[in-house]
1. Summing -39500 (n - 2.57) over the DSSP H runs of n ≥ 4 in the chain and dividing by its residue number, what mean residue ellipticity at 222 nm do you reach, to the nearest 500 deg cm²/dmol?
2. Find which of 67, 199, 57 sits farthest along the positive direction of the dipole of the chain, computed with +1 on the beta-carbon of Lys and Arg, -1 on that of Asp and Glu, about the Cα centre.
3. Restricting to DSSP loop positions (anything but H, G, I, E, B) with no more than 16 other Cβ atoms inside 10 Å of their own Cβ, which GluC sites (Glu not before Pro) remain in segment 305-411?
4. Determine the distance separating the Cα centre of segment 415-443 from the Cα centre of segment 225-271; give it in Å without decimals.
5. Positive end of the charge dipole of the chain (Lys, Arg +1 and Asp, Glu -1 on Cβ, about the Cα centre): tell me which of 478, 136, 314 has its Cα farthest that way.
6. From the residues 113, 16, 41, which one has its Cα farthest along the dipole of the chain in the positive direction, the dipole being from +1 and -1 charges on Cβ of Lys/Arg and Asp/Glu about the Cα centre?
7. Student exercise: in segment 181-496, how many lysine pairs 8 or more apart or on different chains have Cα atoms under 15 Å apart?
8. So if I place +1 on the C-beta of Lys and Arg and -1 on the C-beta of Asp and Glu, and nothing else carries charge, what would the dipole magnitude of segment 4-160 be about its Cα centre? I want it in debye, nearest 20.
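Where a number appears in this text, it was derived from the coordinates with a stated rule and is not lab data. Quick caveat, the model's predicted, so the values are computed rather than measured. All Cβ positions, glycine included, derive from the backbone under ideal geometry; neighbour counts span all protein chains shown.
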Amino acid sequence: MPASAALAAAKSLPATDVLVVPIVPQGRGVDLAGPTLALNAAGRRRLLELLGALKATGKRGEIVRVAGVPGVSVIAALGLGARSDGTWDGEALRRSAGDVARALAGTRRVAFALPSDSPSEVTALMTGSLLGAYSFDLYKGLTGKDATKPVRAFTFLVGDPKDPELRAVLREVTILAAAIHATRDLVNTPPGHLPPAGLAAAAVAAAEGLPLSVEVLDEKALARGGYGGILAVGQGSANPPRLIRMTYRPEGAVAHLAFVGKGITFDTGGISIKPAAKMDAMKSDMAGAAAVLHATVAIAQLGLPVSITTYAASAENMPSGTAQRPGDVITMYGGRTVEVLNTDAEGRLVLADALVRAAEDAPDSIIDVATLTGAQVVALGERISAIMSNDDAFRDSVFESSRRAGEAMWPMPLPDDLRSSLDTPWADITNIGNRSGGMLTAGVFLREFVAPSMKWAHLDIAGPSHNDGSPYGDVPKGGTGASVRTLVQMAKDAAAK
């Protein structure tokens, strides 16, 4: 769970261990960003003197700790960079807040003097703070007691802590942060501790006490239902597959969205086995399922008037004497047949089953989220997700939702000429085609399982879902929670329409 968060009046400093004070470049030195009423005149003057002596610049992400300021024991001066057209970029604010939250790990209580009461700027700084205060120490044994804990409590200092708009912002940010933390926790959980049945149990636990229903299809129910893709991917593992269906049906719903997530709890590649290097990161191959499940939880907690039907298609892709083979032909849910040319192109198989099933619920649109292709990372890098769709206007609306949510995504095409590379004389379609444009070919494959009349978007989050490098801004090492904010924003946008 993220740190607790509260609002307080900026004119009176609450009990705290560290006060964060935003600063900006000013001439050859710095100035305080906003009134910073938590400091008296002597405190503000002394702080600026100390920052000048320490050569502070106020550039984005700069953190300068000072002591000896009247009225407070320790101050962390946080650089926000220069304003453009009188405002700060939301992403820059969020990442700056994430930087300081990570830097203050080991601190119990932090008061944050916000530079303004602008809801957009408050949202960005609150979000960055709560997302930056994250760690995953569940499986540390002897060293766990010595681990540096993230900040436990934030108090955000504003002009009027009773302002209804700011209180609404605090509530929404707290709910979103909890959903993202929970998504990260699932992604970071070792695969031996999270088989498909474990992911299903986590979904049931997350829905407890909320207006959500959860149905779990085990391997027997999947066989009765004809879910050939999910069964084929999972048949090589001792841990059988699951299809998780979570539903939210509020009274007066004005729209109905379906979310579909790829939930491969570990991906060896199957018979088409992956190289050993970095295979450990394949515990994150269920990040799409984790994201759609916890986005649905957040939507229910927010009480948005939008019906949500969510499917998490979960399997463990292992090589064994019972695993599917290259050359096998499988019958998918709905009757289409697929020749499996590469068992490491397994995510699209479980998604295809779930996409066909999701359409039977007659939603207004379907959005699937998956760590689907390494080609996504080649095309867009490790920090930008791809958006593909069978409807250009819908793709653009998803992009706008992602922009408002503050997540980096980019629209990509689904060229019709790639479809022929999926032809085979042995089945209706193969599961791989041209290597060039592999991300797009995977999207073209999925499009075959969606009726042209159904608005559908595919989010490939292969790179952004898991950070293999060092933490940055509000993004930790490991699971990131990519796409949760965008899915919730889509539900908010649907409710607004």
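1. -10500 deg cm²/dmol
2. Working it through, the farthest residue towards the positive pole turns out to be 67.
3. Taking segment 305-411 and a limit of 16 other Cβ atoms within 10 Å, the loop GluC sites (Glu not before Pro) found are 360, 382.
4. The two parts, judged by their Cα centres, are 23 Å apart.
5. Of the listed residues, the answer is 136.
6. Sorting the options by dipole projection puts first 41.
7. Final tally of qualifying lysine pairs is 4.
8. Working: 19 positive and 13 negative charges, 99 e Å.
Dipole about the Cα centre, nearest 20: 480 debye.
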